[in-house]
Amino acid sequence: MPRIRKTKDYGLFTLEDWNRDIKPNHLAEIVNNIKAIGNLTDVNPVIVLPLNPAYKDDEYPNGKHPVYDGQYRFTACKELGESIHYVVDEHERLKPWNVASIQQQNRWNYDDYAKHYANLGHKNYKMYCGIKRRSGWSHNSLIMLFMGNTKGSQIAFKTGGLEFLRTVNEVNAIIEQINEFSNWFKWYKQRGFINALLKIIETVEDYNHDTMMQKVEYQSTKLVRCPDTETYMTLLEDIYNYQSRGKKVRFL
């Protein structure tokens with residue numbers, strides 16, 4: 001069984017940038033728990049890797065221990081001046097990509113996963129984070145846009161398997177088109193609305209986005225929140241074909 005070590009030499013450790021950002025509210029909760037019931041890192045120790053020469057300096061010529069699990073416990077103890085109880089994963093069985101699976105309290109969210117893989121150098125996640133930041137869209141909508149509307153897409157995203165069904169230019173163009181509805185419809189980022197427009201843009205051969213925006217401009221009151229993708233497509237079809245001459249364009 002690995003030996004539990006104890007120290008107040010906080011400089012002996014380093015936090016990894018691919019791990020989650022420290023959230024002040026959760027850190028405050030950990031700090032308050034330690035104040036109330038004591039420092040329990042002796043029974044729930046921080047897990048670190050062996051000394052890493054990449055983090056050596058004059059004070060620590062042999063390197064520092066990267067903290068892989070327990071960064072909240074470590075930070076809280078450091079803030080309170082408490083001892084750190086830690087275990088060294090000598091055989092380095094814990095890897096960056098499986099840290100999330102052992103962190104059961106305060107489970108990882110999509111922001112955590114995206115940052116994690118981006119900081120590990122995954123190119124697709126870096127591009128995804130940039131588009132997420134610029135667009136302001138939800139993760140569910142962006143994952144659907146990038147990877148398709150399946151449960152498997154969400155699982156793949158969390159396990160480092162982000163693959164693009166569309167190019168970044170295509171994704172940006174679609175986001176720009178859908179965001180044009182923001183002037184008239186506050187629910188334009190709703191998943192069902194996005195999915196409806198995505199299907200229309202990519203599958204309706206005679207669809208013209210400029211025509212749609214012209215029609216929406218003077219029929220904006222018809223844009224109402226709908227329960228599902230199909231209802232949105234029916235609504236948008238009616239708006240698109242309003243006072244149109246000749247054959248109507250069908251979305252369904």
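The values are calculated or read from the model by the stated rules, or taken from the named source; none is laboratory data. Quick caveat, the model's predicted, so the values are computed rather than measured. Using ideal geometry, Cβ is built from the backbone for each residue, glycine included, and neighbour counts are taken over all protein chains shown.
Listed values, structure above:
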read-out: Top-ranked residue of the stretch 201-234 - restricted to ones that are out of contact with any His (no Cβ under 9 Å at 6 or more places or on another chain) and of a type in the set (A, V, I, L, M, F, W, C), ranked as surrounded by the most Cβ atoms within 10 Å (Cβ to Cβ); value: Met233
read-out: Criterion: hydroxyl-bearing (Ser, Thr, Tyr) and out of contact with any helix residue (DSSP H, G or I) (no Cβ under 8 Å at 6 or more places or on another chain) - qualifying residue of Tyr55, Tyr72, Tyr68; value: Tyr55
read-out: Candidate set from the stretch 208-239 (those that are at pLDDT 95 or above and hydroxyl-bearing (Ser, Thr, Tyr)); member that is farthest from the chain's Cα centre (by Cα); value: Thr234
read-out: Any hit, the stretch 107-116, residues being touching a Gly at 6+ places or on another chain (Cβ under 9 Å) and crowded, with 16+ Cβ neighbours inside 10 Å; value: yes
read-out: Per-region count, the stretch 12-36, residues within 17 Å of Gly81 (Cβ to Cβ) and exposed (fewer than 11 other Cβ atoms within 10 Å of the Cβ); value: 1
read-out: Flag for Leu94 being part of a loop (DSSP other than H, G, I, E, B), of a type in the set (A, V, I, L, M) and closer than 30 Å to Gly121 by Cα; value: yes
read-out: Pair list, Cβ under 6 Å, 6 or more apart: the stretch 196-224 residue closer than 23 Å to Thr167 by Cβ, other residue in a loop (DSSP other than H, G, I, E, B); value: Ile200/Tyr207; Ile200/Phe251; Val204/Phe251
read-out: For Glu237: the one exception among (1) surrounded by 15 or more Cβ atoms within 10 Å (Cβ to Cβ); (2) part of a loop (DSSP other than H, G, I, E, B); value: (2)
read-out: Matching option when the condition is under 21 Å from the mean Cα position of the chain (by Cα), closer than 23 Å to Lys115 by Cβ and of a type in the set (Gly, Ala, Ser), among Gly161, Gly192; value: Gly161
